[in-house]
Structures are given as C-alpha cells and as structure tokens.
Amino acid sequence: MLLRYIGRRVAVSIVQLLGLVVVVFFLIRLMPADPVARLVGLNASKEAYAQASHSLGLDQPLLTQFLQYFGLDGRGGGLLEGHLGVSWVTNGSVLTEIGQTLPVTIQLLTLSFIITLLIAVPVGIAGASRPGGAFDRGVFVYGLFGGSQPEFWWGLMFIFVFFFKLGIAPAPLGLVNPMDMPSEPITGFILLDSLLRGEFDVFLDVLWHLALPTLTLVFILSGPIIKMVRQNMVRALGSDFVLYARAAGLRESTVTRYAFRIALAPALTLVGILYGVMLGGAVLVETVFSLGGIGQYAVRAVLAFDYPAIQGVVLVITSISLGIYLVLDLVYAVIDPRVARS
Amino acid sequence: MASHSRRAARTLLIGLGSLSCLVAGATGAARAADLLLLAEDVPSGLDPDGPSIALPTTQEGMVQMLEPLIDYEPKGPNDSGFVLPDFSKPRGRLLEAWDYDPKALTWTLHLRKGVKSCAGNEFTADDLIYTYGRALSTSGAVPNAWFLLNMGSIKGFTNDVFSTDKAVADAAKKLGDGIKKIDDYTVVVQQTEVNPLYFVNMAVTISQGVFDAKEMQKHATAADPWSHDYANNVNLPSFGAYCLERWVKDSQISYRANPNYYRGKAFYDHVVVKKVPEAANRLVTLRTGQAQMVQGLNAHQYDSLKDAKGVKVEGVLGNEGLFVVMNFKTKPFDNIKLRQAIAYAIPYERIVQVGYSGQAKQWEGVIPSSYPGFVKQAQPYSTDLAKAKALLAEAGFPDGKGLDAYKDAFKLSYVSEKEATLGPVVNAISTALRALNIPVTLDPIPQTQYGDRQIVKKDLGFAVNDQEKPIGVDAGYAMKLFFVSKEAGGINNMMNYANPELDALWVKAKIEGDPAARNKELADMQNILMRDVAWLPVVEFKTQFGLSDKVNGLTWVTDNSPRFYDLKN
C-alpha cells in the first residue's frame, strides 16, 4: 500500500517537474532583453553580435533550441542525459556550478533548522504549558520582534556588533579564511569533508564562520516555528484525550508526550515548507555573509539573463522541494495511515 | 533575559573562535606578506574572447597574468598617491623596441629576450603569432581581440571572417602576409592604411595581451583548437607578473607572484581576491585591518573612510564619466535647442555633491580630460535656468508647453543595480527639469536590459550612463566608438547621432599621417559634438580604491584595474 503510494507520488512529481521545465524554458525567453548585448559589450558591430548570438545558439528557431536543451536534436548531451548546459556568464558547466553552490546553502539551512528546532520545540511546549503566563508572553514578544525585520538587516546588525564592535566573530568573508588554501572538496559539504579528512581545525573554523549566519537564520526562523508548536500544543493539551489521560492519573510528562505527537505533524509541515522556501530565499543571508550559495547563484543568473543557469537552478530547487514534500507526505502516511489509503 | 542571551552568544562565538584559532594558529584574514582584496565579484572567465570579457572584474583578473606589448612611463603620483601614466611616453613591455615605416605601412616589432612564462616557457615570436592567429580565428564567444586589430587596419583582419560563405570565412581566418615572423625575436606587421590606433591598442592588455602559446596548445582539442574552454575555466597562461594559484568562480581567486617575471618578482607573493557582495562588509573588514584593499564602494562609502584609522582612499579623475543620452531618433530629442536647454538645466554642482561626495568635477568635453587631444568646450554648459528657459522657448516649448505629448520619451532610464550611486543623480536631474515643466519620470531597469537597449536596439530615448569609456588612449578611438555614424564606420553610437560634417572629418582624421593635422581634425569633431550635445557630458568622477595605509604604489591604467605588481608596503 505504502509502496504504491510512493510510486504514485513520484510519478506525479516527475510530471510536475517536466511541466515546470517546459514553462520556464519558454517564459525566460519572454524576458524583455536580449542576453547577447551583455556578452558583446562595446564591440557591438553587427558581425560581433551575430557571432555571439550564434555561440549561444540564439540564432536558432525556438523549437530547435528546445530540442537541443532536451538533447533531442540528434546531437545528445541534453537534459535527458543529465546535462544542464553551459553558463553564458562563466562558460562553465551549470551542473558543476550548482554542485558547488547548493551544498553551501543546504549545509547552512540544515544547521539552522536543527538549532531552530532544538530551541523552538521546548520553548513552544513551555509556552503552551502555561498560556498567558510571563514566559508565554515573552515568547510572543520575541516572535513579533524577530519576524518584524528582514534577515539581511539582522545579519548586518550582527556583523556590526559581533565582528566590528566586539571583535568576537570572524569577518563576513565566507566559510573559511580566504587566505587559507582549502582542500579539494569530496562531497562539497565542507563540514562533512573536513570530518572525513580528519581536519578538525577546518571543521571548527567553518563552524566559527557559520556562527553568525546561522544565528541570523535561527533568529528569523524560530519565531514562526515556536508559534506553531505552541498553538498546536495548546490545542492538543485542551483536547478530550488529554483530559481523559489526566483524569486517569497519568504523569504530566507522559501527557505532554502524547500531546506533542499530535502537535508535531503541522510543525513538521511548516519546517518542510520553510526549508523549501529558504533554499532560494536564503539569498540575503548568503549575500551578507559572502557564502556563495545557490540563492546568490540564482540571482546572478537572473540578472545576467543566463538562461541555462536559470533553468538549472529552477530544476534543482524544484526537485529538492518536491523531494521534501514527498518525504513529508510519507511521514504523514506513517503517522496517519488514512493518508496513504486516500 | 536579553543580557543572558548576549552572554550565551558571546560565549559560543568566543568558544568557537578560540578553538578554531588555537587549532588553526591564525586569527586575522590576511598574513603579513599577503594581500587580500575584497571585491564585488571575481573573474567569471579569463579568456579575452570569452563571454565575460565585458565584466570589469573579469578584466581585473586577466591583467594580473596577461603581459602587454607596451604600456606608458609613470609620471608620478597625484595628490592622493595614485601613480599616473605619461601618455606621451610609451614604453616597451614584451616589446624591446619597434620601428614604423610610414611608406611601407609596416611595424617591425623587436621582442624582448629572456622573458619566461609562469610555466617556464621562453617568450618568442611564436607566442605573438599564436596570439594574432587566435584573434583572427574569431573562434571565441566574442571577437574582442580581432576587433582592436581590425580597428588598427591590420592587413587580413577584415569582416570576411564573418562571411556566411564558409569558404570565404575559413580563408579569411588564416594569417596571411599581414603578420610575418622574421626570426624568433622579430615580427613584422602590415597595415592597410595609416592608422595610429594599432600602436595605441597594443597597450590594451585585456585584448592584446600575449599568450604562452606552448601552454595553450597543450590544452587544445579537436573541438576547441584555440583552448577557449581552458582559458574560460582553468587558467590564462602568459608572461605576466602573477600566476594563477586557485580559482573558484563566484567566490575567490588567488595568485602567486611569477618567479620568472622579467621585471623582477612582485612584492606581494600571494594575492587573494575575495568576492564580498555587500559593500558595507568590504568597508568594515578593511577598517578592522583584515583586508588590505577594497573596491566597488560608492562615493559616500569611500568618503566615510577618510577619517578612519589605518586606511586611506586613493582616487584618480581618469576616464570615468557620467553623461545623459538623448536619442536623436526619439522625438523631441532631435531638436538641438531642446538638447541645449536641458544642458543648461542640469545641476552640475549638486550632482558632484550628492552623487559623488565632491569626488567629481563637471565634464567639459566629450572625451576624458586626462587623455591627450582632449578639447575643453570654449563656453561650457553651466546651470543657468534663465538660459534654459529661453532655449526651451526657442525650441518651440515655452514654459514646457507641448512637452506633455512626449511623456514617454522623458522616462529617464538608468541601471537599477547602481541605485546607490545613480539614485541621487537621477533625482537631482529630474527635480531640475521638472522645475522647467519638462515631464521627467524615473525608469530604473536591470543592467542586462539596459545594455541590450543601449548596444543592440539603440532605443534608449533618455538615459543616464556612467559606464562607457574609451580604453584606447586616443581621441580618434573615442570618435569611432561613440560618435561617428554607423554608415561611416561608427560602432556604438547609442544616440543614433548622424552628422555628415562630423563623418567627413573622421574620414580625413582616420588616415591622417600628420599628427598635428589629425589633432586639429579631432578637435573640430569634439567642438561639433559639444555644440550638438551629441551626448550631454555631466561629470567626470574619480576611480577610487580603499587601502590599508601601509600599501603604496597604486597605478592607474585606462582599464581601471589595479596592477598588484605595482603595490608595495
């Protein structure tokens, strides 16, 4: 039953992905500018323009470009063989470039979400245990405060205070000291790579450099997640089965555990959605701390009208988001088997 | 609660920091013999004919490694410490000497002996022949190197390379007798007409720098015989002061001083350029001493460094200027009186202050005032509202009446990514023109769209531009690039300005063998351009860098990229 459910969801995801790829391919070509101009710069003689246009394949009919992109023009090397094309800005493989930038963002987000959950869940439960109490009111104020300013603002403020004024944080120059010569990546996840190599100094250095960007994201993300956990806990603690459990004389910690299981599903949904959104949305934090993640890559691609890079980023981020949603659905199906049956 | 959180955060950061430093043994970003430059980006490619050649940060990477044939003698520092070139004294770099035969129209290039590349290969005529052959192949994304040789009237560098007839194009892409190797250290170059631009363009490193042919050929493939992929993605082998150490696109690039460099090894053995997108972070990191140099700040940010301890700002009024485009194909800008009225309404001094914190001056000509052959307008336009009103009336729009019909034409376009610098400027212009009832509205558009409309479509009706400069140090270069009509061989005439009088002067100046007569013709052209307000020069502004006060020797080159080789403690 569960396997059929997974199969159905994967099939739907592939169709969604294909549809999106087609739509994005044609939509970006409706943008109101010709990317060739950026390439030729001042040397825009008619001949130079024609050559640059030819080098990008933009002198071909749209349908031919489409077939080339998928690798259906007889020459191969297209999307169906796993090639995302070559960036028009760098002339490098889009797949390689995404492979360099995506781990940076995933690493940052995963670390931030783990810390956020470690803080938000107990705080949300504590707030729900005595609604309206001093702690609960404090959490409410924090939620408003943290979410009321954009993350780049908090990022800049943290840099100003912790780096510039107090001198206890590293310069916002990326994940490692730029003067150091990092080892060649294994997985691309620098924390993991340093552990695999046994380079604990690098591991600690990266953690140190990740402290402020992570703090910024935790500060922003924990507000809504605390609220979600708190509200669901309040609702669960007020439900009939909790009343019955208490009447049956169960310990408060046991009652809380039962209620938390009920409150967990909506909170996980929120985390999943936020994770998907932040894959592209962490761009401001990436920019402020010079991290060079996928969000920054996407913004540069859009500003330069770098069609292959835009298409690649959309495809990869959508795939990951669909993957996250699939996992969430599976978790739901495990928690509540009625979901799979429906 | 708040203080507790602060203590916890501080403890965590200090803990991580201390552990990290104990294990790594370093606290600062840069060590004593290193140079760390924080920039808005790093090179996206390193091929002079690659797709990113128009990006200044790409050019900055290339000029550290590519060695030019000539440059100019330094004439000493300006008041801020920037060392300026003396354009009247060209000096050999890879060339030891050169001879020009005006009758035969040939240049004999005597190559420097004993020059070695990063790979240890000796520089010979084969490297120059390879470099010219690669340019003629026009096999890259953009025919940048070919363009300057074509501009210099080198025999064989014709438009035939772009012929749709494959046989014609293929034949045209082979080096003929226009470039001849005489021996390992002598090359003769033939021109088809008198044209000083060949020599001027030799100094343009980003286009005419010389490759290490042996190293390039090692990475050639059947599909890519001129190694464009290698230069775009891996390395740029040449004879320059620095060799590539490591390059992560979109993140950082590092260089090591070339131990074989013929002018002596660079002072800074290790230079790292790190991309820091947020200008404010570049600024604060410089102030903490963890970086030695920053670029890409706006004028107000540079101004804020003036009183900071341990840092300095060096700037030069080089070749960067801001001008207003008024398209002759967009009514009512075909009306010269209206153009002049706008020229008299521009608040020049206010723009110098609000846009550039005083680090600019009114531009009183159409080419950079630092260039030889610059002609200052006899009576420069000034902010004179009475005169502007009178000219507006003469143009047929008394008190701005009738201009409402052209509201769309008065959308003042500018690059939205440059909002921090251009925002105050366009607001000052808009306010001044609205006072004359000229219906200006602001139209910020992305850089790529702006470039497309400027260069390809040429349909920017009314726009502010601060990013064009003639990189070749010659008034004729600027004329051909910006002002001569398309029919007379003009290249990037974004205003669609077409004046037969100007074109006729260009036809003469282009092949004028007598320098004095050529200067006179080019001066006449500049006067015509100012009269017609072909474009409206507003201000020349300083090219600036922020530096540690221990770093000296910054030199100005017309591509506006610093040369790390010149920097010293």
So for the range B:350-359 (the condition being more than 29 Å from the chain's Cα centre (by Cα) and either touching a residue at least 40 places away in the same chain (Cβ under 8 Å) or within 22 Å of B:GLY461 (Cα to Cα) (or both)), does at least one residue qualify?
no
I want to confirm something. Restricting to the range B:152-163 and keeping residues that are more than 9 Å from chain A (Cβ to nearest Cβ) and either in a loop (DSSP other than H, G, I, E, B) or at pLDDT below 90 (or both), which single residue is farthest from B:LYS480 (Cα to Cα)?
B:SER163
Where A:ASN91 falls short, out of the listed (1) closer than 30 Å to A:VAL22 by Cβ; (2) surrounded by fewer than 21 Cβ atoms within 10 Å (Cβ to Cβ); (3) within 13 Å of chain B (Cβ to nearest Cβ):
(2)
Residues (among the polar types (S, T, N, Q), away from chain A (no Cβ under 14 Å) and more than 30 Å from B:LEU84 (Cβ to Cβ)) located in the range B:486-522
B:ASN499
Per-region count, the range B:232-267, residues part of a loop (DSSP other than H, G, I, E, B) and either away from every other protein chain (no Cβ under 14 Å) or charged (D, E, K, R) (or both)
16
Taking A:ASP193 as meeting all but one of (1) surrounded by fewer than 20 Cβ atoms within 10 Å (Cβ to Cβ); (2) at pLDDT 90 or above; (3) of a type in the set (D, E, K, R), write down the number of the exception.
(1)
Tally up the residues in the range B:447-468 that are at pLDDT below 85 and either aliphatic (A, V, I, L, M) or more than 17 Å from B:MET494 (Cα to Cα) (or both), please.
2
Is it true that B:ASN560 is among the polar types (S, T, N, Q) and either touching a residue at least 40 places away in the same chain (Cβ under 8 Å) or in a helix (DSSP H, G or I) (or both)?
yes
Residue list for the range B:209-223, restricted to those being out of contact with any helix residue (DSSP H, G or I) (no Cβ under 6 Å at 6 or more places or on another chain) and touching a residue at least 60 places away in the same chain (Cβ under 8 Å)
B:GLY209, B:ASP212, B:LYS214, B:GLU215, B:MET216, B:GLN217
Can you list the helices (runs of 4 or more DSSP H) found entirely within the range B:413-520 that contain at least 3 residues being under 20 Å from the mean Cα position of the chain (by Cα) and small (Gly, Ala, Ser)?
B:475-478
Given the criteria within 30 Å of B:ARG287 (Cα to Cα) and touching a strand residue (DSSP E or B) at 6+ places or on another chain (Cβ under 9 Å), does B:GLY461 qualify?
no
Among the numbered conditions (1) assigned to a helix (DSSP H, G or I); (2) more than 14 Å from chain A (Cβ to nearest Cβ); (3) of a type outside the set (Gly, Ala, Ser), tell me where B:ASP229 comes up short.
(2)
Tally time: how many residues in the range A:112-138 are in contact (Cβ under 8 Å) with a residue 24 or more places away in the chain and part of a helix (DSSP H, G or I)?
15
Looking only at residues that are touching a Leu at 6+ places or on another chain (Cβ under 6 Å) and at the interface with chain B (Cβ under 8 Å from one of its Cβ atoms) in the range A:196-213, which one is surrounded by the fewest Cβ atoms within 10 Å (Cβ to Cβ)?
A:LEU207
Total residues in the range B:458-475, condition touching a Phe, Trp or Tyr at 6+ places or on another chain (Cβ under 8 Å) and away from chain A (no Cβ under 11 Å):
10
Flagged in the range B:469-487 as modelled with pLDDT under 90 and surrounded by fewer than 19 Cβ atoms within 10 Å (Cβ to Cβ), in numbering order, are B:LYS486, B:GLU487
Hey, could you check the range A:94-120 for residues that are surrounded by fewer than 20 Cβ atoms within 10 Å (Cβ to Cβ) and of a type in the set (A, V, I, L, M) and say which is nearest to the chain's Cα centre (by Cα)?
A:ILE106
Looking at the structure I just gave you, is A:PHE70 over 30 Å from B:LEU136 (Cβ atoms), free of Cβ contacts under 8 Å to residues at least 40 places away in the same chain and aromatic (Phe, Trp, Tyr)?
yes
How do the pairs read when you match residues in the range A:266-285 that are in a helix (DSSP H, G or I) with residues anywhere that are of a type in the set (Asp, Glu) and crowded, with 20+ Cβ neighbours inside 10 Å, using Cβ under 8 Å and keeping only pairs 6 or more apart or on different chains?
A:LEU284/A:GLU151; A:VAL285/A:GLU151
Within the range A:230-249, tally of residues that are in a loop (DSSP other than H, G, I, E, B) and either among the aliphatic types (A, V, I, L, M) or not assigned by TED's automatic domain parsing to the domain that holds A:ARG261 (or both):
1
Residues that are closer than 19 Å to B:GLY358 by Cβ and more than 14 Å from every other protein chain (Cβ to nearest Cβ): find the strands (runs of 3 or more DSSP E) completely inside the range B:269-327 holding 2 or more of those.
B:311-316, B:321-326
B:SER88 vs (1) at pLDDT 95 or above; (2) part of a strand (DSSP E or B); (3) of a type in the set (Gly, Ala, Ser): all pass except (1)
Going by the conditions given, is A:LEU39 more than 7 Å from every other protein chain (Cβ to nearest Cβ) and aliphatic (A, V, I, L, M)?
no
With the requirement that a residue be farther than 20 Å from A:PHE219 by Cβ, free of Cβ contacts under 8 Å to residues at least 24 places away in the same chain and either under 21 Å from the mean Cα position of the chain (by Cα) or more than 9 Å from chain B (Cβ to nearest Cβ) (or both), what does the range A:139-184 give you?
A:SER183, A:GLU184
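The values are calculated or read from the model by the stated rules, or taken from the named source; none is laboratory data. Computed from a predicted structure; not experimentally measured. For neighbour counting, all protein chains shown are included, and Cβ atoms are generated from backbone atoms with ideal geometry for every residue, glycine included.
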